[in-house]
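Below is one structure, written out as structure tokens, with a few remarks after it.
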Amino acid sequence: MSDLTALTIAEAREALVTKQTSAAELTDAYLAAIEAANPQINAYVKVTADKARAMAKASDGRIAAGEAGPLEGIPLGIKDLFATEGVHTQAASHILDGFEPRYESTVTANLFADGAVMLGKLNMDEFAMGSSNETSYYGAVKNPWRRKGSNLDLVPGGSSGGSAASVAARLCAGATATDTGGSIRQPAALTGTVGIKPTYGRCSRWGIVAFASSLDQAGPIARDVRDAAILLKSMASVDPKDTTSVDRDVPDYEAAVGRSVKGLKIGIPKEYRMDGMPAEIEAVWQKGIAFLKDAGAEIVDVSLPHTKYALPAYYIVAPAEASSNLARYDGVRYGLRVPGRDIADMYEKTRAAGFGHEVKRRIMIGTYVLSAGYYDAYYLQAQKVRTLIKRDFETVYADGIDALLTPATPSAAFGIGDQDMAADPVKMYLNDIFTVTVNMAGLPGIAVPAGLDDGGLPLGLQLIGRPFDEETLFSLGSVIEQAAGRFSPDKWW
Amino acid sequence: MSVDTATVRRVARLARIAVSDDDVAAMETELNAILGFVEQLAEVDVSGVEPMTSVIPMEMKKRQDVVTDGEKADDVVANAPASEDHFFMVPKVVE
């Protein structure tokens, strides 16, 4: 076959089963693409070529024996946040230098049990803290998309920037990602790919480096809605090793792709129409409304009155949980150690050298809001506001709304080293304004590409569902995909 | 509320992060920008509202109180910067 990396997961699955290609050939095609592109894109922090070839060979054996799993021979990229046994797992941080866990995360174990092949570990914002993939110890990832007629390097979004960029540049068939405030959906929107953050508790968090435990969820980034459904089916499970893993069977998500959305009620939350929102974001939102209406869905204006408080509440809850989770990096059990005159000095020097600027900033904020005298004013207040945010969603769902449609991001991809964002951390945080509410309420959300802006850059829409109703999101997402078409960048690398 | 340099130093000490004078000055500005942003939460009326403890209502999972794992001392210390006889090595803490 000609260009094997052009195949979607569904197409590759078909080609493998019908023996038009082999898992070994497919893996070699991706390894060659990575070798050629990664020096420019910087999506992979570690390529595991030998392991990939061995896994592909084993897949070919199982295919020949008629024992192929649902993802047999499909080459995937794995975000550096997932523990992979004996393989580089550093959350793109200096403080985890050399860490190679002796265990496998539940999500990657599920994928490999279904036959998937690991190509390597993907770049990301350090400890998943960022919206541009610029906080990585391994340097920024470049977005495969560029503005028409421009050579300016753009960010792929974050924190799953390596996942999104590798999928968009065809350096893997699909990728794992994680989302704490928008880290799957924002990079998917900025790279013209599909990303879904499932309901909190759907994918096990066991073996995923923790950022903010009450918000973190794993999910896939893929080239289209069907591939995202195929990947989520394998990633999701009920896991006794994660006490927040929810005891519910995993449905056949792929069956929901292409299902009729006739009669579904889609809410349009008025609070997502922000002051100063670019006209092209409003335009793509209106386009999405028209697509769903044409498919027979009913459009209803709704209100989620506490929306504007989600981002400030997030910037209390997430850093608070992070400051606690990241206390374990002390130079004793793993990773970097910088010697000191006594044990406290060793801790302080190790953490000063090992954490990047953004991570330190968030640990400091978290430590402050949890410190004596401030807990009630900040943390407790934020957790109460979080209850109100969740109640907003419960109210519209109780009124019969099946899903909500919003923009995914407030803008298209921006330049690497953007001066405005570097000068003011809050400007960078505003990237997650449309996605963070979903994490605060634990709901599922999917980002689907819906068009290009005037400069030729992809724009995404977000669909938010009821708890554990990812299927409706796949049905609605495929309607948008059918109507809008698919988008891939012109190759410059 | 806003932080001054003394507070930044105190918080850095609590967080066990060594900071230079330059770090403290930069962090003071940045932390105040973030705290200024989250300040708006104070205007929300939360009287009678319970704080969120779990986004998905579920019962705490329990398991039998039995040993299910262990005998992995080699694995446990495998990634330690310094270890000896299955102990993590740290600078002396007691005289």
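The values are calculated or read from the model by the stated rules, or taken from the named source; none is laboratory data. The structure presented is a predicted model; accordingly, all values stated were derived computationally and were not measured. Note that we place each Cβ from the backbone using ideal geometry, even for glycine, and neighbour counts take in every protein chain shown. Just the protein is used for accessible areas: all its heavy atoms, side chains included, with ligands, DNA and RNA removed. Shrake-Rupley method; radii C 1.70, N 1.55, O 1.52, S 1.80 Å.
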Radius ratio Rg over Rh of the protein assembly as shown, counting only Cα atoms, Kirkwood formula for Rh:
0.96
Inside 10 Å of the C-beta atoms of A:384-396, what's the mean count of C-beta atoms belonging to other chains?
3
Mind checking the mean number of beta-carbon atoms from other chains within 10 Å of the Cβ atoms in B:21-29?
1
Need one value for A:240-246: mean number of C-beta atoms belonging to other chains within 10 Å of its residues' C-beta atoms.
3
The pairs in A:360/A:384; A:233/A:265; A:349/B:92; A:51/A:142; A:265/A:384 lying past 21 Å Cα-Cα in this model are A:360/A:384; A:233/A:265; A:51/A:142; A:265/A:384
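Kirkwood hydrodynamic radius for the stretch A:1-133: how many Å is it when counted over pairs of different Cα atoms?
Evaluated over the stretch A:1-133, this radius sits at 15.3 Å.
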On the full set of protein chains, 1.4 Å probe, figure out the accessible area of residue A:357 and give it in Å² to the nearest 10.
100
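Counting heavy atoms of the protein chains only and a 1.4 Å probe, report the per residue accessible area for the stretch A:1-132 as a whole number of Å².
34
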Keeping the other protein chains in place, figure out the carbon and sulfur percent of the accessible area of the protein assembly as shown, with a 1.4 Å probe.
50
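Could you order the peptides A:96-107, A:434-445 from most to least packed, using the average number of other C-beta atoms within 10 Å per residue?
Details: A:96-107: 19.3, A:434-445: 28.7.
In descending order of packing, they fall as A:434-445, A:96-107.
Indicate the gyration tensor shape class of the stretch B:1-72 (rounded, prolate or oblate), computed on the Cα atoms with a ≥ b ≥ c the square roots of the eigenvalues: a/c under 1.5 is rounded; otherwise a/b larger than b/c is prolate and the rest oblate.
Oblate is the answer for the stretch B:1-72, as a/c is 1.5 or above yet b/c matches or exceeds a/b.
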So the FRET efficiency between residue A:54 and residue A:97, C-beta based with R0 = 25 Å and rounded to 0.05, is 0.45
If we sort A:299-305, A:60-66 on the protection proxy, mean other Cβ atoms within 10 Å, highest first, what's the order?
A:299-305, A:60-66
How do B:16, A:146, A:386 rank by accessible surface area computed with a 1.4 Å probe, from largest to smallest?
B:16, A:146, A:386
Provide the buried accessible surface between chains A and B in square angstrom, both chains summed, 1.4 Å probe, rounded to the nearest 100.
5200
Could you sort the residues of the stretch B:45-74 by number and keep only those whose accessible area is reduced by 40 Å² or more in the all-protein-chain setting relative to the chain alone, 1.4 Å probe?
B:46, B:49, B:51, B:52, B:55, B:56, B:58, B:61
If I model a spin label at residue B:39 and residue A:252 as a point 7 Å from the Cα along the Cα→Cβ vector, what separation in nanometres do I get?
5.7
Residue-normalised 222 nm signal for the protein assembly as shown, counting each DSSP H run of n ≥ 4 as -39,500 (n - 2.57), nearest 500 deg cm²/dmol, is -11500 deg cm²/dmol
Buried on assembly, the stretch A:350-369 (at least 20 Å² less accessible surface than by itself, 1.4 Å probe)
A:351, A:352, A:357, A:360, A:361, A:364, A:365, A:367, A:368
Using 7 Å Cα-to-Cβ label points, what is the residue B:54/residue A:271 separation (nm, one decimal)?
2.5
Mean accessible surface per residue for the stretch A:344-403, computed with a 1.4 Å probe while every protein chain stays in place, in Å²:
33
